[in-house]
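Down below is the structure, laid out as structure tokens.
The values are calculated or read from the model by the stated rules, or taken from the named source; none is laboratory data. Note that this is a predicted model, so its numbers are computed, not measured. Methodologically, a virtual Cβ is constructed for each residue, glycine included, from the backbone with ideal geometry; neighbour enumeration extends over all protein chains shown.
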Amino acid sequence: MAENEKMERLVLEDEEGNEEQFTIIDIIDVDNKTYALLHPEDGEEDDVVVYAVEDENFRPLEEDELQEAIDAFEKTGEYEIFDAGE
């Protein structure tokens, strides 16, 4: 994304009803699946989360989807993502 482009922001609600604000960094399509790379507004500068996008709705990834999504973003050559669980 060019520096002068305005990054889109969104608010997502967790299972407990708490709202969290994110900046959309990028959205990609892979094998008929759409993933969004998001930066939590209250996170550290290099914090990111990956969500699935289905019918314009964002949802957290299932464990078995996470590595596929991370690999897809890293294959673009623009991102290097480390799973906190490693």
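Quickly run through the stretch 69-78 and pick out the residues that are touching a residue at least 24 places away in the same chain (Cβ under 8 Å) and either among the small types (Gly, Ala, Ser) or surrounded by fewer than 16 Cβ atoms within 10 Å (Cβ to Cβ) (or both).
Taking the stretch 69-78 and keeping what is touching a residue at least 24 places away in the same chain (Cβ under 8 Å), we get 69, 72-73, 76, 78.
If the condition is that a residue be touching a residue at least 24 places away in the same chain (Cβ under 8 Å) and either among the small types (Gly, Ala, Ser) or surrounded by fewer than 16 Cβ atoms within 10 Å (Cβ to Cβ) (or both), then Ala69, Ala72, Thr76, Glu78 are the ones that fit.
Within the stretch 48-66, how many residues turn out to be part of a loop (DSSP other than H, G, I, E, B) and either modelled with pLDDT of 95 or more or surrounded by fewer than 15 Cβ atoms within 10 Å (Cβ to Cβ) (or both)?
Going through the stretch 48-66 one residue at a time, the tally reaches 3.
Which one of Glu45, Glu5, Glu19 is modelled with pLDDT under 85, exposed (fewer than 14 other Cβ atoms within 10 Å of the Cβ) and more than 14 Å from the chain's Cα centre (by Cα)?
Only one candidate passes the filter, namely Glu5.
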